[in-house]
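Colleague: To start, I am sharing the structure in question, which I have written as structure tokens.
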Amino acid sequence: MLIISTSEEKSGLAGYTSREFRRILHDYLKIVVPAINLKKDFDLNIEQKKDLQNTILIGTPENNPAIKHVIEEGFIEEPDHEQGYIIKCAPMPGKPKNWLFVVAGKEDVGTLYALRDIEHYHLEVFKPGPGGLLVEPFEKREKPAIEYRGHWTWGCNMPDKKAWIENMSKWKLNELIHWDNYLPKNGKEYVDFAHERGVRVVWGFGWGWMPFWNFDLPEEFDSGVGEGVEMCPSSDFNNEFFQREILKKITEDYSPTGCDGIYFQAFTECPKCECPKCNKKTMGELMLDFINSIVSLIKKDFPDLWISCGIHHDFGDYSYLKNLDNRCNLFWENCTSGTSVRGNNEDFGYISKTIPYGHGYSETCPADPPYTENSLKQWMKSNAKQYEVEGGIRNHYKYMSFLQDWTRKFTEKPSDNKHGSMIADHSVFCRRTPFPLIALAEAQWNPDSDTEFIVDHLLSFLGIKDKIKNTTETGEKLVDTMGMPPWVYDKAVEREGHSE
């Protein structure tokens, strides 16, 4: 068996992908192969290489000349969608007694996602045989329904960040929004680690939300008028202060980590200032005056930095947001999630709240929460039921079907810049993989996949299929944030924000 893949010595995503393939061979098929090192001058000319063995090709047309060759020869089509892949195993052209197995992504991350799906759904095509491995004829082509799929988490509830990010990568999740008052101590290290696994990192901090949590406020700072008001957005001093301090934080703290973006919330979960100037404007108008000027400043110095504005249900009239700077994403939370207010192709996202969660944040939340293996075990034990779908296999099919239907509503928007996230706080995703979290991840990847096939394989991979099959079909204990089982709530889809 010959494996032709990008060198494992290569840094970044391509090298990681090659190492992951070797891990799959070892972990599941008990096949040990030496470290892979692609020879750049290798030319897979089937006719000239009569002694060629059963062969596995892994990579992209750009980083693996052998894959480019089999595309040119017509063995496979070229992957044509970002994050997409093609897998094919068939008799080798010119040598029908040998097989050729190709795992090709449009780019490196697409190749990695092909390996993820092989690991979770298609290991049965591999069999022990001469040379260590046989592969049955097989073909599959996939691409994501939602471009960005990930976790939104308050930092204090994200222990062992590397293990967490690794598990995200294993389920084709590619966006981490890490919200906290402070950066993790090893922020750059986490970003580099995530990028090598196909995950982009967005740091969150407060712009106009809980300002006393995120900034050292001077005496001149205007806290606004009215009970519960946090700041006056009409204050010239306040606006000059935030423009200066936010750009400073990005320049000195956040950008040096190599992060992909910044997430913020402003004037949310708090009442509007009642001063004479603010009373003349809606919350939307005040917010736009505040945000657009800061976005312009940031984009001048950091044109490639993604900026996202989180919006809550109590914001008010959303129509004003149509004038939000188009370079700023809208991320909907607890409101009409996924509603497009700036045209069909705007950059927007939603945070799914159908899966139970808990924040527990405060002004002094540690971005690097202390933990021990025992504390993680206790944490998982204390909320295990919260992350289980009660009932048997039919209930799991029903739950998956709900998530797929819910995702389809979101994918009806024609934008190629959609972000689907889930609040993963308290899931302890660094040590366990709850079924609801990966069910949503897979629904966002392809809501049209066969429901029973996906669920059966997910439960098998988690090692709980037999237990679930033998469970009585009663109870629907998993509830969303409204306290209702998501699939029996009459207007669940509309309430989660897919109605106009």
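Bear in mind these aren't lab numbers, they're just calculated from the coordinates by the rules spelled out. Bear in mind the structure is a predicted one, so any value in this text is a computation, not a measurement. In this analysis, Cβ positions are derived from the backbone assuming ideal geometry, glycine residues included, and neighbour counts consider all displayed protein chains.
Colleague: Choose one of 428, 284, 101: the residue whose Cα lies farthest towards the positive end of the charge dipole of the chain (beta-carbon charges +1 Lys, Arg; -1 Asp, Glu; about the Cα centre).
Modeller: 101
Colleague: To the nearest 10 degrees, how steeply does helix 435-445 sit against the main Cα axis of the chain, on a 0 to 90 scale?
Modeller: Once rounded, the angle reads 80 degrees.
Colleague: Got a sec to turn the phi values of the stretch 26-34 into Karplus ³J(HN,Hα) couplings, 6.51 cos²θ - 1.76 cosθ + 1.60 with θ = phi - 60°, whole Hz, x for Gly and Pro?
Modeller: After applying 6.51 cos²θ - 1.76 cosθ + 1.60, I find 6, 5, 10, 10, 6, 9, 10, 10, x Hz.
Colleague: Run lengths n ≥ 4 of DSSP H only: what is the helix-derived mean residue ellipticity at 222 nm for the chain, with -39500 (n - 2.57) per run over all residues, to the nearest 500?
Modeller: One gets -9500 deg cm²/dmol as the mean residue ellipticity at 222 nm.
Colleague: Moving to a separate point now. Where does each of 332, 209 land when they are ranked from fewest to most other beta-carbon atoms within 10 angstrom?
Modeller: Placing the least packed residue first, the sequence is 209, 332.
Colleague: A further question on this structure: Going by Cα centres, the stretch 396-423 and the stretch 1-18 are how many Å apart?
Modeller: With the stretch 396-423 and the stretch 1-18 each reduced to a Cα centre, they are spaced 33 Å.
Colleague: Which whole-number percent of Cα pairs in the chain have a distance greater than 38 Å?
Modeller: For the chain, the share of Cα pairs beyond 38 Å comes to 32 percent.
Colleague: Okay, next question. Starting at the first residue of the stretch 99-106, write each ³J(HN,Hα) from the Karplus equation 6.51 cos²θ - 1.76 cosθ + 1.60 with θ = phi - 60°, in whole Hz, x for Gly and Pro.
Modeller: With the stated coefficients, the stretch 99-106 comes to 9, 10, 10, 10, 10, 10, x, 5 Hz.
Colleague: Let me have the relative contact order for the stretch 2-142, percent, based on Cα pairs under 8 Å that are six or more residues apart.
Modeller: RCO, the stretch 2-142: 23 percent.
Colleague: For a footprinting-style exposure proxy, rank 31, 3, 86 by other Cβ within 10 Å, fewest first.
Modeller: Least crowded to most crowded, the residues run 31, 3, 86.
Colleague: Distance in nm between label sites at residue 477 and residue 301, each 7 Å beyond Cα in the beta-carbon direction?
Modeller: 5.2
Colleague: Restricting to the chain, compute how many DSSP beta bridges are antiparallel as a %, nearest 5.
Modeller: 25
Colleague: Using 0.36 nm per residue of separation minus the Cα-Cα distance, give me the extension gain between residue 227 and residue 27 in nm, one decimal.
Modeller: Answer, rounded to one decimal: 66.1 nm.
Colleague: Could you sort 99-106, 303-310 so that the peptide with the highest average Cβ count within 10 Å comes first and the rest follow in order?
Modeller: Top of the packing list down: 99-106, 303-310.
Colleague: In what sequence, highest mean first, do 277-286, 412-421 appear when ranked by Cβ atoms within 10 angstrom?
Modeller: 412-421, 277-286
Colleague: Against the longest alpha carbon principal axis of the chain, how many degrees, from 0 to 90 and to the nearest 10, is the axis of helix 236-249 turned?
Modeller: Relative to the chain, helix 236-249 is tipped by roughly 30 degrees.
Colleague: Tell me the net charge near residue 277. Cut-off is 12 Å between Cβ atoms, residue 277 excluded, with +1 for each Lys or Arg and -1 for each Asp or Glu.
Modeller: Residues close to residue 277 contribute a combined charge of -2.
Colleague: Tell me, what HN-Hα J-couplings in whole Hz come from the Karplus equation 6.51 cos²θ - 1.76 cosθ + 1.60 at θ = phi - 60° for each residue of the stretch 219-229, using x for Gly and Pro?
Modeller: 4, 6, 4, 9, 7, x, 10, x, 5, x, 6
Colleague: What's the exposure ranking of 445, 213, going from fewest to most Cβ atoms within 10 Å?
Modeller: By the 10 Å Cβ count, ascending, the order reads 213, 445.
Colleague: Another question, then. So how strong a dipole does the stretch 2-142 carry about its Cα centre when Lys and Arg Cβ are +1 and Asp and Glu Cβ are -1, to the nearest 20 debye?
Modeller: Roughly 580 debye for the stretch 2-142.
Colleague: To the nearest 10 degrees, how steep is helix 393-411 against the longest Cα principal axis of the chain, on a 0 to 90 scale?
Modeller: 70
Colleague: Of the listed peptides 255-263, 459-467, what is their order by residue-averaged count of other C-beta atoms within 10 Å, with the highest listed first?
Modeller: Going from most to least packed, we get 255-263, 459-467.
Colleague: With +1 on each Lys and Arg Cβ and -1 on each Asp and Glu Cβ, how big is the dipole of the chain about its Cα centre, in debye rounded to the nearest 20?
Modeller: Charge dipole, the chain, about its Cα centre: 1560 debye, nearest 20.
Colleague: Which one, 221, 324, 389, is farthest towards the positive end of the dipole of the chain when Lys and Arg carry +1 and Asp and Glu -1 on their Cβ?
Modeller: Of the listed residues, the answer is 389.
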